[in-house]
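Notes follow the structure.
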Amino acid sequence: MARTARIFALNLGMQTVSMAEFQELPAGGLKLVALKTSDLIVDPAADATRNSQIESVAAELRAALKAPKYAKTHICLPSQSVFSRFVKLPGATASDVESIIGFEAQQNVPFPIDEVVWDYQIMGDRRVENWDVSIVAIKADQLNEVVEAVGKGGIAPGQIDFAPTALFNSFCYNYADAKGCSLLLDLGSRTTNLVFIEDGRLFSRSIPIGGNTISAAIAKEFAQEITLAEKLKLQKATVGLGGAYAESEDPTEARLAKVTRNTMTRLHAEIARSINFYRTTQGGTTPMRILICGGGTGLPYMTEFFAEKLQAPVEYFNPLRNVQAAPDAIPHGLAHCASGLGELVGCALRSLKDCPLEINLTPPSVQKAQRFAKRIPALVIAAVFFILTPALCWLDLDESASRIGERVEKQTAEVARLESLSKGISSTLAERDKLVAEAAPYLAVAAERSVWASILDELAATIPQRFIWITQIKPVEGVIIAPEPKPAPGAKPAPKPATPVSGPKAITAIEINGLYLDNPPNAEGAGVIDKFFNNLKPSAVFSIGEDPSKIITRRTTPTGEAWAYGYTLVLPLKQPLILP
């Protein structure tokens, strides 16, 4: 029986890096085989050495799991390094959304689009004429540094995910029976991620309060270094419940409980604001259940604190609810939520079919290498055949010589038969050419269906990225004027007809109406319209020319009474669209 393929996942947390090995079960489930973790330096001042730490930790974890060198591994990035935006886009179908998502990404990602690696996914069905779309992006140079670091550690990146989407996939797999809105609180070292899950949709928000915030408060309270404060937190800190609850008799523990409670109270206030934001802007409902996970949830009385403050059932997120685990897979005393296991399960699920969210931030260079790696077996086989072919030909030479005569006779009879078939093929080819000529007009009509997509792509590529919008696109109808025939040499020119000879009706131009921004001090004012005009000059779709007055038919003069003013452009088409 063939051995089950090994699935590796790596979670690059800000303070804890964990790696796990999984197997896909014959029935389609997932099994956890082994889990290893390693901590990074806590002090934020050591962030400059993060990639070198990742390199050494990746090599350490790979060796601990006995994973082959450069084994394909799914990677989960921390939310701090990835930009995410959740937008609502109009469209009758999902294809309509895909046609404008590139333009939306340019508007929402706060970096030049050619300097980032980005991906998107449409979540669920259309709601109130809009589609919910998740857009994520990471700076390409930052991602390449991470890929290089894990590569030096002997790990070959597979699909690259980030924490909120990995937790979403893990939740959907383990809590498929959950109804209503669920909230995952992922308390990390630097931030707390809020992952709202409702009706198969994801909305996440990051709060800059985490385990290190508590450690920093302890360091300030006790005038200690951050590393010593972290150890003190892990040894004696609890979440103070306040009110009628008695304080600890140990004065150090009592002070720690108050410091921890103050930080957690700030966190609760931000969580409450985020829940209200989700309900008012995303059309969501109040969470029915709250699941906590992450390395910052190891303090005692954490669930009791959130249950009291949020007035909802609170429990630890169990990423192994529907995942089998080998008896010795999880090291003794290592809590699920503290090991990044939820993200690891979410990454491993990418190897199975029908994963709810399939956002992938793998760099193009890595994707190209992966495609080449898939072709290596075929290339090896081809090389073997290429090497063995001369030897096989030499061995077969004697036997071939004895059969040449027989083959010549058979081929002669075959040639005669084929000549008779050739005549029939010639007549068939003539009939085919006739059909091709008849179908040419219909094929031309079908090709015009892609013209509108080309027009929208051209506008998206040429409109300036800031201070100008398109609010309306209208076709302009006209009549194609037939050119006057040239007179033959030596002949008198024919008299011009009283009315020009006109052809069929067609869409000869596109009228664009929009707004441009004038208020901000760094706005370009009406000059942004000229910038748009200059961008359109080399267009392969529109016939622009050099005279802006023929193109810019309306330009509202700024009066200082509004934040935006209107404009109109009429863009002639190089290739008119014939109307039926």
- Query: Taking the condition touching a strand residue (DSSP E or B) at 6+ places or on another chain (Cβ under 7 Å) and either more than 30 Å from LYS231 (Cβ to Cβ) or not in a helix (DSSP H, G or I) (or both), does LEU61 pass?
  - Reply: no
- Note on the structure: Just one listed residue, out of ALA156, ALA176, ALA149, is under 19 Å from GLN367 (Cβ atoms) and not in a strand (DSSP E or B), and it is ALA149
- Message: For the stretch 288-309, give me each residue that is crowded, with 21+ Cβ neighbours inside 10 Å and touching a Gly at 6+ places or on another chain (Cβ under 8 Å).
- Response: CYS293, GLY294, GLY295, GLY296
- Message: Going residue by residue through the stretch 196-206, is there one that turns out to be closer than 30 Å to GLU253 by Cα, modelled with pLDDT of 90 or more and of a type in the set (Ser, Thr, Tyr)?
- Response: yes
- Message: With the structure loaded, tell me whether ASP161 is in the same structural domain as LEU357 (by TED's automatic domain parsing) and modelled with pLDDT of 90 or more or whether it fails that test.
- Response: yes
- Task: Filter the stretch 218-267 down to the residues that are closer than 16 Å to ARG190 by Cα and either among the small types (Gly, Ala, Ser) or not assigned by TED's automatic domain parsing to the domain that holds LEU310 (or both), then identify the one that is surrounded by the fewest Cβ atoms within 10 Å (Cβ to Cβ).
- Result: ALA219
- Item | Where ILE197 falls short, out of the listed (1) touching a residue at least 40 places away in the same chain (Cβ under 8 Å); (2) under 25 Å from the mean Cα position of the chain (by Cα); (3) buried (at least 16 other Cβ atoms within 10 Å of the Cβ) | (1)
- Note on the structure: Filtering the stretch 31-58 down to residues that are modelled with pLDDT of 90 or more, of a type outside the set (S, T, N, Q) and part of a helix (DSSP H, G or I) yields ILE54, GLU55, VAL57, ALA58
- Message: Which residue is farthest from GLU458 (Cα to Cα), if the candidates are limited to the stretch 81-123 and must be acidic (Asp, Glu) and touching a Leu at 6+ places or on another chain (Cβ under 7 Å)?
- Response: ASP119
- Going by the structure shown, is GLY295 touching a helix residue (DSSP H, G or I) at 6+ places or on another chain (Cβ under 9 Å) and modelled with pLDDT under 90? yes
- Among residues belonging to the stretch 378-412 that are loosely packed, with under 10 Cβ neighbours inside 10 Å and of a type in the set (Gly, Ala, Ser), point out the one that is modelled with the highest pLDDT. GLY405
- For ASP161: the one exception among (1) under 25 Å from ILE41 (Cα atoms); (2) surrounded by fewer than 23 Cβ atoms within 10 Å (Cβ to Cβ); (3) acidic (Asp, Glu): (2)
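The values are calculated or read from the model by the stated rules, or taken from the named source; none is laboratory data. Small disclaimer: the values here were computed from a predicted structure and weren't measured. We place every Cβ from the backbone using ideal geometry, glycine too, and count neighbours over all the protein chains shown.
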